[in-house]
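Trainee: Structure incoming, see below.
The values are calculated or read from the model by the stated rules, or taken from the named source; none is laboratory data. Fair warning: this is a prediction, and the values are worked out from it, not measured in the lab. Please note that ligands, DNA and RNA were not included when accessible areas were found on the heavy atoms of the full protein model with its side chains. Shrake-Rupley method; radii C 1.70, N 1.55, O 1.52, S 1.80 Å.
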Amino acid sequence: MKRKEMKRYIAAIVIVLLVALTVMSKVMIGGAIDEYHIPVSDWSGRMLVTQLFMIIVYSMVFTGLLAIPLWYWFSGEERKD
(Lines give C-alpha, C1' and ligand atoms only; values in the text may rest on other atoms or scores of the structure.)
Protein backbone atom coordinates (compact mmCIF):
# COMPACT_ATOMS: atom_id res chain seq x y z
CA MET A 1 0.00 0.00 0.00
CA LYS A 2 1.32 3.40 -0.92
CA ARG A 3 1.95 6.11 1.60
CA LYS A 4 -0.93 8.20 0.26
CA GLU A 5 -3.44 5.38 0.76
CA MET A 6 -2.03 4.68 4.22
CA LYS A 7 -2.61 8.31 5.26
CA ARG A 8 -6.17 8.13 3.99
CA TYR A 9 -6.72 4.84 5.80
CA ILE A 10 -5.43 6.26 9.10
CA ALA A 11 -7.61 9.36 8.65
CA ALA A 12 -10.65 7.16 7.99
CA ILE A 13 -9.93 5.09 11.12
CA VAL A 14 -9.64 8.25 13.23
CA ILE A 15 -12.94 9.53 11.85
CA VAL A 16 -14.63 6.18 12.56
CA LEU A 17 -13.24 6.22 16.12
CA LEU A 18 -14.49 9.77 16.74
CA VAL A 19 -17.94 8.93 15.39
CA ALA A 20 -18.07 5.75 17.49
CA LEU A 21 -16.98 7.65 20.62
CA THR A 22 -19.61 10.32 20.02
CA VAL A 23 -22.44 7.87 19.38
CA MET A 24 -21.49 5.51 22.21
CA SER A 25 -21.16 8.42 24.66
CA LYS A 26 -24.62 9.69 23.82
CA VAL A 27 -26.17 6.22 23.95
CA MET A 28 -24.43 4.96 27.10
CA ILE A 29 -24.75 8.10 29.20
CA GLY A 30 -28.27 8.84 27.96
CA GLY A 31 -29.29 5.24 28.60
CA ALA A 32 -27.87 5.30 32.13
CA ILE A 33 -29.66 8.56 32.92
CA ASP A 34 -32.95 7.16 31.57
CA GLU A 35 -32.52 3.81 33.31
CA TYR A 36 -31.47 4.99 36.77
CA HIS A 37 -33.07 8.48 36.79
CA ILE A 38 -29.88 9.99 38.24
CA PRO A 39 -28.43 13.19 36.74
CA VAL A 40 -24.75 13.03 35.78
CA SER A 41 -23.86 15.49 38.53
CA ASP A 42 -25.03 12.93 41.14
CA TRP A 43 -23.14 9.94 39.71
CA SER A 44 -20.57 8.24 41.90
CA GLY A 45 -16.98 8.00 40.76
CA ARG A 46 -17.37 4.27 40.28
CA MET A 47 -20.35 4.74 37.96
CA LEU A 48 -18.48 7.36 35.92
CA VAL A 49 -15.44 5.12 35.52
CA THR A 50 -17.62 2.17 34.53
CA GLN A 51 -19.50 4.16 31.92
CA LEU A 52 -16.32 5.70 30.49
CA PHE A 53 -14.66 2.28 30.31
CA MET A 54 -17.68 0.84 28.48
CA ILE A 55 -17.68 3.75 26.02
CA ILE A 56 -13.99 3.26 25.26
CA VAL A 57 -14.23 -0.53 24.90
CA TYR A 58 -17.30 -0.49 22.66
CA SER A 59 -15.86 2.32 20.51
CA MET A 60 -12.61 0.39 20.04
CA VAL A 61 -14.52 -2.78 19.10
CA PHE A 62 -16.64 -0.98 16.50
CA THR A 63 -13.58 0.80 15.14
CA GLY A 64 -11.71 -2.48 14.88
CA LEU A 65 -14.60 -4.14 13.06
CA LEU A 66 -14.93 -1.27 10.61
CA ALA A 67 -11.17 -1.13 10.06
CA ILE A 68 -11.26 -4.44 8.18
CA PRO A 69 -13.47 -3.33 5.27
CA LEU A 70 -11.75 0.04 5.22
CA TRP A 71 -8.39 -1.71 4.80
CA TYR A 72 -9.69 -3.50 1.71
CA TRP A 73 -11.23 -0.31 0.40
CA PHE A 74 -8.00 1.68 0.65
CA SER A 75 -5.64 -1.12 -0.34
CA GLY A 76 -7.67 -2.21 -3.36
CA GLU A 77 -6.20 -2.82 -6.77
CA GLU A 78 -4.15 -0.03 -8.23
CA ARG A 79 -5.60 1.83 -11.18
CA LYS A 80 -3.43 2.17 -14.22
CA ASP A 81 -4.39 5.47 -15.81
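Trainee: Gaussian network model of the chain, Cα springs within a sub-10 Å range: biggest mean-square fluctuation belongs to which of Met60, Met47, Met28?
Mentor: Among Met60, Met47, Met28, the largest GNM mean-square fluctuation belongs to Met47.
Trainee: Then there is this: Would you mind listing how long the chain runs along its three principal axes, going by Cα atoms, in whole Å with the largest first?
Mentor: Taking the Cα atoms of the chain, the three principal extents are 60, 18, 15 Å.
Trainee: Can you give the angle from 0 to 90° between the axis of helix 3-36 and the longest principal axis of the chain, with both taken from C-alpha atoms, to the nearest 10?
Mentor: Long axis of 3-36 versus the principal axis of the chain: about 20 degrees.
Trainee: Can you tell me the length gained on complete extension of the stretch Lys2 to Val49, counting 0.36 nm per residue apart and subtracting the Cα distance? Please report the intermediate quantities before stating the final value.
Mentor: Numbers: separation 47, 0.36 × 47 = 16.92 nm, distance 4.02 nm.
Result: 12.9 nm gained on full extension.
Trainee: Here is a follow-up. Compare Ile29, Ile68 by solvent-accessible area with a 1.4 Å probe and give them largest first, with all protein chains kept in place.
Mentor: On the way: Ile29 55, Ile68 100 Å².
Final ranking, largest accessible area leading: Ile68, Ile29.
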